[in-house]
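Below is one structure, written out as C-alpha cells; the observations come after it.
The values are calculated or read from the model by the stated rules, or taken from the named source; none is laboratory data. The structure displayed is predicted, hence computed values, not measured ones. Note: ideal-geometry Cβ built from the backbone for every residue, glycine included; neighbour counts use all protein chains shown. Just so you know, the surface numbers come from the protein's heavy atoms only, side chains and all, with ligands and any DNA or RNA stripped out. Shrake-Rupley method; radii C 1.70, N 1.55, O 1.52, S 1.80 Å.
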Amino acid sequence: MDICTALEHLSFNNMALQKLPVDSSEGPEARGPRPVQGACFSRIRTLQPLLNPVFVALSPAALALIGLNTRDVLSNPSGAEYFSGSKLLPGSEPAAHCYCGHQFGVFAGQLGDGAVLYLGEVEGPTPGQANSLCPGARWEIQVKGAGVTPYSRDGDGRKVLRSSIREFLCSEAMAALGIPTTHAASIVTSDLYVYRDPLKRGRRIPERCSAVLRIAPSFIRFGSFEIFLGRDDFSGLQGPSAARHDIRRQLLDYVIETFYPHLQASRGSRRDRNTAFFKEVAVRTASLVAQWQCVGFCHGVLNTDNMSILGLTLDYGPFGFMDRFDPDFVSNASDRRGRYSYQAQPSVCRWNLARLAEALGSELHTAEAGAILDEFTPTYEAFYLANMRRKLGLLRREEAEDRELVSDLLQLMHNTGADFTNTFRLLGRIPWPEEGDDLRTTVGPAVDLILEQCASFEELKDSGEKAYRDNVELAMILSTAQTNPAMFQMMADRPEVSRQLEKMGRLKELLGTEQGELSGKQREDWMRWAGRYRRRLAREWDGRSDLSAIKTERLGVMNSTNPRVVLRNYIAQNAIQAAEQGDFSEVRRALRVLENPYCDTDGSDAGGDGGKTGYDEARPAYDSKPPTWAREICVT
C-alpha cells in the first residue's frame with residue numbers, strides 16, 4: 001500500500017451507529033446545543049476546521065492499534081486535518097454521543113460529547129484476534145476538541161494546547177504502566193484561538209485550539225445509561241430519554257453482545273445475563289481503582305460520566321500523580337471538599353456503580369445487584385493487597401501480617417513526607433536478610449536514600465499548616481467544640497471526626513519537635529519498618545527452593561511493578577510551557593520517557609524524532625523529587 005494513502009484506506013466498520021438509535025436532525029437549529037431525545041448518538045453534519053492545523057506529537061503505540069505508523073500519518077499532506085476533525089477520513093461518520101451523569105454527587109441531566117467528534121470504528125491489523133477489551137480488534141476513534149455539538153451546552157467545543165498535552169501524555173503513560181485506559185494517538189494544534197481562564201481567577205487569556213485523537217474499544221460510560229433516568233428529586237432534572245426502556249434494552253444488548261460476548265451463551269435468562277454483566281463491570285472497576293491507588297494516581301473528576309463501562313481510565317481532566325504520599329491528596333483545585341481525593345476513589349467508584357445499577361433498573365436482579373455492590377470493597381481490597389505484595393516483592397506467601405505491613409509503610413511515608421513513586425522504587429535497595437548481618441550497616445544506606453526522598457522539616461511544617469488553614473471540615477469541628485461542647489462530644493467518636501482530630505494532633509506534635517530530633521526519629525522509624533520488612537522477606541524462602549532465583553525474581557517483579565517515572569505535574573508543565581512557545585520537542589521527549597516507565601535508563605534521546613531535543617538540562621530529571629515551584633501548579 002502506498003504510504004501516502006494509508007489514512008484513506010483505514011477499514012471503517014461503524015457498528016455503534018448501525019446498532020443504536022441515532023438523531024439525524026438537520027438544519028441550522030440542529031447544530032447547536034439542544035436536548036436530544038430518543039437517541040444514543042447525534043450525527044454531525046458540518047465540520048468546524050481548525051486554522052492551519054499542525055502536529056505536536058504522535059504516539060506510535062496508539063497508532064499501531066489501528067494499523068498505522070508515524071510515517072503513514074506524517075507523509076500524508078492532510079494528516080493534521082484528518083486527525084483534528086477538520087477533514088473527514090474516508091469511511092468515517094461524524095457523530096456525538098449522548099450521555100448524562102452525576103457530577104460531584106448531583107444528577108446533572110444531559111451532558112454528552114460537548115467537544116468530541118466520533119469518527120467511527122476502525123478494524124485493527126488483526127481483526128480475527130479478539131482480546132478482553134476489544135473483541136475483534138475494532139477500535140473507536142474520536143477527536144476531542146473538534147467544535148460545537150448538540151451537547152456543548154454553553155461551550156465552544158474546543159480544547160486548548162495545555163489540556164490536550166496533559167491528556168495525550170497521561171493516556172499513553174497509563175498504557176505503558178499497564179493500567180487499562182483509552183489511548184491518545186496524536187495532538188494537533190492550530191492558529192485558531194479561544195479565550196480561557198486557566199486558573200479560574202477571572203483572567204481570560206487567548207490559547208491555541210488543539211485536538212487529541214483518542215482510541216478505545218468504546219467510550220460508552222456509566223452515564224450513557226443515565227439518559228433513561230426519570231426526574232431526580234434533588235436536582236429536578238431528568239434524562240433526555242427518560243423511561244425509554246426500549247432504547248435502554250437496545251444499548252445494553254449492544255454493549256454485552258459487542259464487548260462481553262462470553263456472557264451471551266452462558267446465562268439462562270436476560271436478567272441473569274445482565275446481572276452477570278453488572279458484576280463484571282464492578283470487578284473491572286475494582287481492579288482499575290486498585291491499580292490507580294498503587295501508582296498514586298488521582299482522577300480528579302470521578303463523575304459517573306467519566307466512568308468507563310469497560311473498566312478503562314477515561315477522560316483526563318484535572319488528574320494528578322501524588323508526589324508526597326498523602327491520603328487526602330486532591331488533584332483538582334476546584335474540588336474544595338475533597339470528594340474525589342486519593343483515598344476516596346474506591347468508595348466513589350462503588351457509589352458510581354450504585355448509580356449505574358439504578359440506571360439499569362429492572363434489567364437487573366435487584367437483590368443480586370445489591371450483593372454485588374456489597375462485594376465491591378472486599379474485591380477492591382483483594383486486588384489492592386495483591387498489587388501491594390508485588391510492589392514489596394512478596395510473591396511466594398500470603399500472610400495476614402501483610403496488610404498491616406503495607407498500612408504501616410504508608411503511614412510512615414505520610415508522616416515523613418516521602419515521595420510515593422521514588423520510595424517504592426527504592427524499596428528494592430533494601431537487601432535480603434542474611435544470617436548474622438548487621439541491620440545498620442546493611443539497611444542503613446537504603447534508608448538514607450529513602451530519607452532523601454522525604455520532605456524537609458520546613459516542608460512538612462508548611463504543608464501541615466496549609467492543610468490546617470484550608471481544611472473546611474476541621475474548621476467546622478473546632479467551631480462546634482467551642483460553641484457547642486455537648487454536640488462536639490457526641491461527634492468526637494465518629495471516624496471522620498476522629499481522623500480530622502488526629503491530623504491536628506500530628507501537626508501540633510510536629511510543630512513542637514526540633515528539627516534534629518525529628519530527623520533522628522524519622523531514621524529510626526524507617527529502620528524499624530525495614531527490619532520488619534526483611535523478616536517478612538525471609539519467610540518467602542522455604543529452605544528448599546533456589547534462594548538465588550527467589551532474590552532475582554523479587555527484584556525483577558519489584559522493578560517491573562514500581563515505576564521509575566510517572567507523569568508528574570511538573571513534567572507536563574515543562575512540556576506545556578515549551579509547546580506554548582512553539583517548541584514541541586519536550587512533549588515528544590516526555591512521551592518517549594513515559595513509554596518506558598520501568599526502565600532504569602532515561603531513553604529520551606533514543607529513536608522517535610531524531611535524538612536530542614534541545615531540552616534544558618537545568619530542568620529536573622524525570623525521576624527526581626519535584627522542584628519547589630511544582631507545588632504552585634494549579635490544575636482545575
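Applying 0.36 nm per residue to the separation of Arg45 and Ala400 and subtracting their alpha-carbon distance, the gain on full extension is 121.8 nm.
Taking a straight line from the alpha carbon of Lys461, these aspartates and glutamates sit under 15 Å away, with near neighbours fewer than eight places off in the same chain left out: Asp326, Asp470, Glu509, Glu514, Glu517.
Loop-resident GluC sites (Glu not before Pro) (DSSP state other than H, G, I, E or B) in the stretch 353-410 with no more than 16 further Cβ atoms inside 10 Å of their Cβ: Glu398, Glu399. Over the C-alpha atoms of the stretch 128-243, the Rg to Rh ratio, Rh being the Kirkwood estimate, stands at 1.04. Protein heavy-atom accessible surface, 1.4 Å probe, per residue over the stretch 132-285: 36 Å². Other residues lying with their Cβ under 13 Å from the Cβ of Leu312 contribute a combined charge of +1, Lys and Arg counting +1, Asp and Glu -1. Once you order the gyration tensor axes a ≥ b ≥ c over the Cα atoms, which shape class does the stretch 14-61 get: rounded for a/c under 1.5, otherwise prolate or oblate by comparing a/b with b/c? Cα axes put the stretch 14-61 in the oblate bin. Label point of Arg539 set 7 angstrom out along Cα-Cβ; within the stretch 366-404, amide nitrogens under 19 Å from it belong to 382, 385-404. What number comes out for the charge environment of Gly417, summing +1 per Lys or Arg and -1 per Asp or Glu over other residues with Cβ under 11 Å away? Its environment carries a net charge of -3. Can you send over the carbon and sulfur percentage of the accessible area for the chain, probe radius 1.4 Å, protein chains only? After summing per-atom areas, the C and S share lands at 50 percent. Round to the nearest 10 and give me the degree value, 0 to 90, for the angle of helix 472-483's Cα axis relative to the longest principal axis of the chain. The two axes meet at around 60 degrees. Among the listed pairs Lys279/Lys391; Lys159/Lys200; Lys144/Lys200; Lys200/Lys625, those whose Cα-Cα separation exceeds 18 Å are Lys279/Lys391; Lys144/Lys200; Lys200/Lys625. The charge dipole of the chain, taken about its Cα centre with unit charges on the Cβ atoms of Lys, Arg (+1), Asp and Glu (-1) only, comes to about 680 debye. Measuring r between the beta carbons of Thr636 and Thr366 and using R0 = 51 Å, the FRET efficiency lands at 0.85.
Let me check I've understood the local charge: for Asp542, count other residues with C-beta under 13 angstrom from its C-beta, Lys and Arg +1, Asp and Glu -1. What total comes out? Here the count lands on +2.
Cross-link partners of Lys87 among aspartates and glutamates, defined as those whose alpha carbon lies under 14 angstrom from its own and excluding same-chain residues fewer than eight positions apart: Glu8. P(r) tail for the stretch 376-455: Cα pairs beyond 14 Å make up 68% of the total. Most tightly packed first, judged by the mean number of other beta-carbon atoms within 10 Å of their residues, the peptides 338-346, 301-309 read 301-309, 338-346. Legend: calculated FRET efficiency, Asp525 to Lys200, from the Cβ-Cβ distance at R0 = 35 Å, rounded to 0.05, equals 0.35.
Placing pseudo-labels 7 Å out from each Cα toward the beta carbon at Tyr598 and Thr628 gives an inter-label distance of 3.7 nm.
Remark: spin-label model distance Asn69-Arg337 equals 5.3 nm, labels positioned 7 Å along the Cα→Cβ axis. Here the simple spin-label model places points 7 Å from the Cα toward Cβ, and for Ser11 and Asp408 these points are separated by 5.7 nm. Residues whose amide H comes within less than 5 Å of that of Met307, counting only those at least five positions distant or on another chain, are Phe222, Gly223 (H built at 1.01 Å from N in the peptide plane).
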